[in-house]
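Some notes on the structure that comes next.
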Amino acid sequence: MALKIIIIGAGEVGFNLAKELSREDYDITLVDINPEKVKRASETLDVSTLEGNGASPSILHQAQVSSADIFLALTRIDEVNLVASEMARELGAGTVIARLRNIEYTSNKAILQPSQFGIDEVIHPELAAVEEVERLLSQSSALNVKEFEGGRLQLVGVMLEGSSPLLERTVADVSQGKWRIPHLAVAINREGKTFIPQSDSIYRVGDIVYVLGESQHVPSILNMLGKPRRDVKKIMILGASKIGRRLAIRLQDHLDVKLVDSSKAKAWDVAPTLVNTLVLHGDGTDIDFLVSENIDEMDSFVTVTEQEQTNLLTGLLAKQLGAKHVIVHLATTIYLPIARRIGIDAAISKNMATVEAILRVIKSDSERTISPFEEVELEALEVVTDKGSKVTKKPLKAVSFPSGMILGAVIRGSAIEIPTGDTQIIPGDRVLVFVQNEQVEKVQRYFT
């Protein structure tokens, strides 16, 4: 029987989450007070919709919250999410997940903790975005960085340019060639389509290649891909938004940080809390201002204003004026596919980071962890290998895996191995597998 999921809030997060879940066997009801958002969802998604206030008892009764396996409060208003979550718990909903923008609700000093509202899991969109920016700054040559095993493993995405030494070589040539760096090409995005490469797949210019490796090897992997790592020492952040302020707080003690905002009042307001950050009032679209603040000396320029068009424009300006690395924040998914094609080094979205975090909670359980990656169109499955499972009976090269998966890493105790065809998995090994979304259940049977 399909899990019943109720989502309160049909904004970017709620809509995109419903869109992803509707591709699988879930019974989804999407609720929003805005009739236009409800109409959009009903016309484009295979879900049930309901117009009304998600914090209203009558609306929750109409949505049949008492029979919900998972309840998600994802409106833009924290207080609505808290009230809706508390009522959903009282009405008998199963797992309750809430989106909270204000991190004070989960601090140790909070008067009321989320658990007192019946919330099982809290997702902080801005915090998810800040963490993504930090990963990108740690590997500033990459378009995308995902971490596993507490950061010991990293999946980096890189666009191959004309100078890349990998061009026109096969995956097998590179893995067995002069570099001898333990790594695995997990996926290639070519002209908007993602595929899992085979040993005879050839690297082409413009490919976005996703490579897995141990963190200490990632700088060498980036060099192999033609993208030498650049150290970030000086950074300019445009926008004293929640993301901008939180990012400055986390970076100011070990980097030279400038935070710029077009609102003089906001700049004055945040300055006292950022003692090691130079806070400036200025317009990021003003070329003279950027030049006067030595934009060409910036190792990284991060634009996180509330206006994505502003972020795109200022990101392009900064790049043209000499900033070595540019990260832009995009609220919607409209511009994500083209951002890097027009010269942006990396694009993040707090909304899509939130969707991925929620999907990870919904799809994971005590026996497995599933991490979806929208941009790569794959899911990472982490599972412990059972005694008697198919993969424990012979070396990997003798196992016939489906084409829509690739085994990324084997973790045995504290040791990590990027597997080869000669690798022999034993019961108790934890494995990291990258698999196309629709094949997760089929692939899991190889290990359990």
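Every number here is computed from the coordinates shown, using simple stated rules; none is lab data. This is a predicted model, so every value here is computed, not measured. So basically every Cβ, Gly included, is an ideal-geometry build from the backbone, and we count neighbours across all protein chains shown.
Do any of Lys258/Lys324; Lys146/Lys233; Lys19/Lys39; Lys233/Lys264 go past 18 Å between their Cα atoms, and which?
Numbers: Lys258/Lys324 15 Å; Lys146/Lys233 22 Å; Lys19/Lys39 14 Å; Lys233/Lys264 26 Å.
From the list (Lys258/Lys324; Lys146/Lys233; Lys19/Lys39; Lys233/Lys264), the Cα-Cα distance tops 18 Å for Lys146/Lys233; Lys233/Lys264.
What shape does segment 3-123 take by its C-alpha gyration tensor, where a ≥ b ≥ c are the square roots of the eigenvalues and a/c under 1.5 counts as rounded, a/b above b/c as prolate, and the rest as oblate? Because a/c hits 1.5 or more and a/b exceeds b/c, segment 3-123 counts as prolate. Along segment 280-296 the Karplus relation, 6.51 cos²θ - 1.76 cosθ + 1.60 evaluated at θ = phi - 60°, assigns HN-Hα couplings of 10, 9, x, 9, x, 8, 8, 4, 4, 5, 4, 5, 5, 9, 6, 4, 5 Hz to successive residues, with x for each Gly and Pro. What lysines could a cross-link reach from Lys394, if we take a straight Cα to Cα line under 26 Å and drop same-chain neighbours fewer than 8 places away? Straight-distance partners of Lys394: Lys442.
When DSSP beta bridges are restricted to pairs lying wholly in the chain, around 50% turn out antiparallel.
If we sort 126-137, 271-282, 377-388 on the protection proxy, mean other Cβ atoms within 10 Å, highest first, what's the order?
Values: 126-137: 21.5, 271-282: 15.4, 377-388: 18.0.
Put in order of decreasing packing, that is 126-137, 377-388, 271-282.
Under 17 Å from a label point set 7 Å out along the Cα-to-Cβ vector of Ser414, the amide N atoms of segment 138-163 belong to 149-153. Note that segment 211-216 has calculated 3J(HN,Hα) couplings of 10, 9, x, 5, 4, 5 Hz, one per residue in order, obtained from phi through the Karplus relation 6.51 cos²θ - 1.76 cosθ + 1.60 (θ = phi - 60°); glycine and proline are x. Computed from backbone phi with θ = phi - 60° and the Karplus coefficients 6.51, -1.76 and 1.60, the 3J(HN,Hα) list for segment 226-239 is x, 10, x, 5, 10, 6, 9, 10, 10, 9, 10, 10, 9, x Hz; x is used for glycine and proline.
Sorting 10-23, 78-91, 145-158, 162-175 by their mean Cβ neighbour count within 10 Å, with the most densely packed peptide first, gives 10-23, 78-91, 145-158, 162-175. Given a Förster radius of 41 Å and the C-beta distance between Asp200 and Asp69 as r, what FRET efficiency does 1/(1 + (r/R0)^6) yield to the nearest 0.05? Using R0 = 41 Å, I get an efficiency of 0.40. Placing unit charges on the Cβ atoms only, positive for Lys and Arg and negative for Asp and Glu, gives the chain a dipole magnitude near 1060 debye about its Cα centre.
If the segment from Glu121 to Thr44 were pulled out straight at 0.36 nm per residue, it would be longer than the present Cα-Cα gap by 24.9 nm.
Normalised by residue number, the volume inside the convex hull of the Cα atoms of segment 234-353 is 90 Å³ per residue.
Principal axis analysis of the Cα atoms in the chain yields extents of 62, 58, 42 Å, listed in decreasing size. Label positions at Asp173 and Leu313, each projected 7 Å from the Cα along the C-beta direction, are separated by 4.5 nm.
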